[in-house]
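Please read the structure below before turning to the comments.
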Amino acid sequence: MTTEAQVSGYLTRVAAELPGPRRHRARILAELRDGLDHAVAAHTRTGLPSDQAVTAALDEFGSPHTVAEAFAPELAIAYARRTVAVFILTGPLVGIWWLLLLRPDPWRTGALALLLAIPVLPLIVAAALTAATTLATTGRLIRWLPETAPDRAILAVGTVAALVLLGDAGIIAVYAYSGGPLHPLAFLAILASLSRIVCGIVTIRHTIAWRARVRGTNG
Amino acid sequence: MRPELLKGHLDSVLLAVLEGGPRHGYAVIEALRTGSDGAFDLPTGTVYPALHRLERAGLIGSKWQTVGGRQRRSYHLTPAGRAALREQRAVWEQFSAAVTALLTRHTRPATT
């Protein structure tokens, strides 16, 4: 087997075990490739023939399983941060239609009227707070705030997904039960919520897989 | 040396290795190994995630370059990382002085 084939084979085995966002995985593999090239060069400088230098470099890096396991916590955090950021950024795209559809009349009647008009609001607020806390305790603020461990971050993602799923299902049920007319605004609001319900279900399935992967890791 | 002994201090030693200037990942790992006279001989592939976590915390930054057709990621200390290193160094000096004083003290009979 050639030197290149040995290194490529090793990276393929690491890639097969690496979970997480594709862009992150690609960057990890590029970095490992560069590191392996340096390691092979270093062992070659000690006088080893090229095939033995590659074997020594691969031994030095650790087994593909060990390397993939070592990256799993960081990839879990990357997945958690990206997912909660998507929920935060797309939240207004769903909420705006329901707000326009169900806003209390007259408009400025306070929080209680808003809560009566949109009874799932506490679920959405809880989801937004959980998402914001997860972002804050897994990013640069960990220099000052307690850091959220990867398994907790994944649990938070599942919680956010479950809360918005309940919120969307709840608001559709409330609207259907109230016998509101199905005009274009209602159609848009229901469509937006149904899209997010699908995203929520997919996210919950992903978080179950992630939890099994990173359970007990502390980063 | 058992790898778990290093676990709580890996962040500090990685920051210290980068104090002299930017290095790519493998150079950081080599510096860790040679700087500790081989005592910190962790599987190389497991040190990269620690660098990524430090970057997430804003203590180090990284830049990608293309060298010889290959992508290379180079790490550098940020001002926050430099401040964190100063702080961790002071804590370590105090801690190690206290532990050394206790561990190297000759055994004396306890007074009751």
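The values are calculated or read from the model by the stated rules, or taken from the named source; none is laboratory data. Keep in mind that this is a model prediction, so the values were computed, not measured. Note that each Cβ is placed from the backbone with ideal geometry, even for glycine, and that neighbours are counted across all protein chains shown.
Tabulated results
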| item | result |
| --- | --- |
| Residues located in the stretch A:25-55, provided they are at pLDDT below 90 and at the interface with another protein chain (Cβ under 9 Å from one of its Cβ atoms) | none |
| Failed item, numbered, when B:Arg82 is tested on (1) part of a helix (DSSP H, G or I); (2) free of Cβ contacts under 8 Å to residues at least 12 places away in the same chain; (3) within 13 Å of another protein chain (Cβ to nearest Cβ); (4) not aliphatic (A, V, I, L, M) | (2) |
| Some residue of the stretch B:95-112 being in contact (Cβ under 8 Å) with a residue 24 or more places away in the chain and not charged (D, E, K, R) | no |
| Residue match in the stretch B:63-70 (condition: within 13 Å of the chain's Cα centre (by Cα) and within 11 Å of another protein chain (Cβ to nearest Cβ)) | no |
| Among the candidates A:Arg103, A:Arg143, A:Arg81, residue that is in the same structural domain as A:Gly167 (by TED's automatic domain parsing) and either under 18 Å from the mean Cα position of the chain (by Cα) or closer than 19 Å to A:Thr207 by Cα (or both) | A:Arg81 |
| Per-region count, the stretch B:49-70, residues touching a Lys or Arg at 6+ places or on another chain (Cβ under 8 Å) and either surrounded by fewer than 17 Cβ atoms within 10 Å (Cβ to Cβ) or not in a strand (DSSP E or B) (or both) | 9 |
| Residue match in the stretch A:156-165 (condition: free of Cβ contacts under 8 Å to residues at least 12 places away in the same chain and assigned by TED's automatic domain parsing to the domain that holds A:Phe87) | no |
| Qualifying residue in the stretch A:186-194 (condition: crowded, with 16+ Cβ neighbours inside 10 Å and within 20 Å of A:Thr138 (Cα to Cα)) | no |
| Candidates A:Asp59, A:Asp34, filtered to the one that is under 33 Å from the mean Cα position of the chain (by Cα), of a type in the set (D, E, K, R) and surrounded by 17 or more Cβ atoms within 10 Å (Cβ to Cβ) | A:Asp34 |
| Pairs where the first residue, in the stretch A:176-202, is under 23 Å from A:Ala161 (Cα atoms) and the second is among the aromatic types (Phe, Trp, Tyr), C-beta under 8 Å, 6+ apart | A:Ala186/A:Tyr175; A:Leu188/A:Trp97; A:Ala189/A:Trp97; A:Ala189/A:Trp98; A:Ala189/A:Tyr175; A:Ile190/A:Tyr175; A:Ala192/A:Trp97; A:Ser193/A:Trp98 |
| Helices (runs of 4 or more DSSP H) (entirely within the stretch A:56-143) containing at least 1 residues that are within 14 Å of chain B (Cβ to nearest Cβ) | A:64-102, A:121-136 |
| Subset of the stretch B:42-96 [closer than 24 Å to A:Leu58 by Cα and either in contact with a strand residue (DSSP E or B) (Cβ under 7 Å, 6 or more places away or on another chain) or among the polar types (S, T, N, Q) (or both)] | B:Thr44, B:Thr46, B:Leu51, B:Trp64, B:Gln65, B:Thr66, B:Gln71, B:Arg72, B:Arg73, B:Ser74, B:Tyr75 |
| Members of the stretch B:6-47 that are free of Cβ contacts under 8 Å to residues at least 24 places away in the same chain, within 14 Å of chain A (Cβ to nearest Cβ) and hydrophobic (A, V, I, L, M, F, W, C) | B:Ala27, B:Ile29, B:Ala31, B:Leu32 |
